[in-house]
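Working notes, structure below.
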Amino acid sequence: MKTYSTSNWSKITGYVLGFLLMNVVSLYAQNNTGPDTLILFYSKTGNTRAVCQALQKPLNADIIEIKDVSKIPTEKGEEPDIQPKSVDMSAYSSIIIGVPTWGPMPVPVIRAFLKNNKLNRKKVVIITTTNVPMPDQFTAGNKNLVKNAGGNVLAYYQVAVQEGPKDARVNKTKEQFVADALQLVPKIKKELLK
Ligand SMILES: Cc1cc2nc3c(=O)[nH]c(=O)nc-3n(C[C@H](O)[C@H](O)[C@H](O)COP(=O)(O)O)c2cc1C
């Protein structure tokens, strides 16, 4: 009868442990490839920040705030100094862009960012916070900006931060408009699966 020496047993144990370790490492790598969605946002007074931060977890997304770091306030039409100036988006197939509505024109910070960062056919969902939902001509500016940067705009959502009739509008609480934004999660997920 063939017998195994202690050193043979330790070799076999070593192989088995090595095999198990390789599988554990491979499983870990598969589950830790990082989020596929990036939320990029600009916010001047905090509303868009609150919405984007609330969406991060349910959308399992990374999040980056683009800030205006201009030393002197920029005049109309001038380009602001922004931070970060560029972002490596190669790991993401979907980008959520969060912006406040400032009339029909895109906010200068996002315009400056998209001038230097191309979206390479990535799926894009635009979310804007606005006093009240605006008609289509107010959404065209942001949509065109994203399209011109190479992005594929799948949806445009407006989160109203005010409510009530035209002559008696009142601010919603942050909790209210963040709850409104969270209602969009299933729709956004569906869009991003397309
Ligand atoms: C310069 C400027 C222009 C704005 N234009 C509009 C507008 O045309 N329609 C509207 O409903 N709200 C408008 N707003 C209100 C903002 O869209 C709204 O308060 C938004 O939630 C602000 O986002 P933030 O807190 O992330 O900066 C404007 C605000 C600013 C500062």
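General remarks:
- CD proxy at 222 nm, helix term only [per DSSP H run n ≥ 4: -39500 (n - 2.57); per residue of the chain; nearest 500]: -11500 deg cm²/dmol
- Net +/- balance of residues flanking T173 in space, Cβ distance below 15 Å, scoring K and R +1, D and E -1: 0
- Environment charge at P80 (Cβ cut-off 12 Å; Lys +1, Arg +1, Asp -1, Glu -1): +2
- DSSP bridge analysis restricted to the chain gives an antiparallel fraction near 15%, rounded to the nearest 5.
- Percentage relative contact order, the stretch 32-113, counting C-alpha pairs under 8 Å, at least six apart: 40
- On full extension, the segment bounded by V69 and D136 gains 21.1 nm, given 0.36 nm per residue less the C-alpha separation.
- Cβ charges +1 (Lys, Arg) and -1 (Asp, Glu), total dipole of the stretch 34-193, debye: 280
- In Å, descending, principal axis extents of the Cα set of the stretch 69-194: 42, 42, 26
- Cross-link pairs beyond the 24 Å C-alpha cut-off, checked among K123/K174; K44/K85; K57/K166; K44/K187: K123/K174; K57/K166; K44/K187
- Reach of K11 by Cα under 17 Å, taken over lysines that are not fewer than 8 positions away in the same chain: K2
- If R0 is taken as 22 Å, the Cβ-Cβ distance between R121 and K189 corresponds to a FRET efficiency of 0.65.
- Straight-line cross-link reach from K147 at under 18 Å between alpha-carbon atoms covers these aspartates and glutamates, not counting any fewer than eight positions away in the same chain: D136, E191.
- Among the trypsin sites (Lys or Arg not before Pro) found in the stretch 70-114, those both in a DSSP coil and sparsely packed, with 15 or fewer other Cβ atoms within 10 Å of their Cβ, are K71, K76, K85.
- Mean separation of Cα contacts under 8 Å (6+ apart) over length of the chain, as relative contact order %: 18
- Positive-pole candidate from V51, L192, V161, dipole of the chain, charges at beta carbon: L192
FYI, it's all coordinate maths here, none of it is from the lab. These numbers were taken from a predicted model, which means no experiment stands behind them. Reconstructed Cβ throughout: ideal geometry from the backbone, glycine too, with neighbour counts over all protein chains shown.
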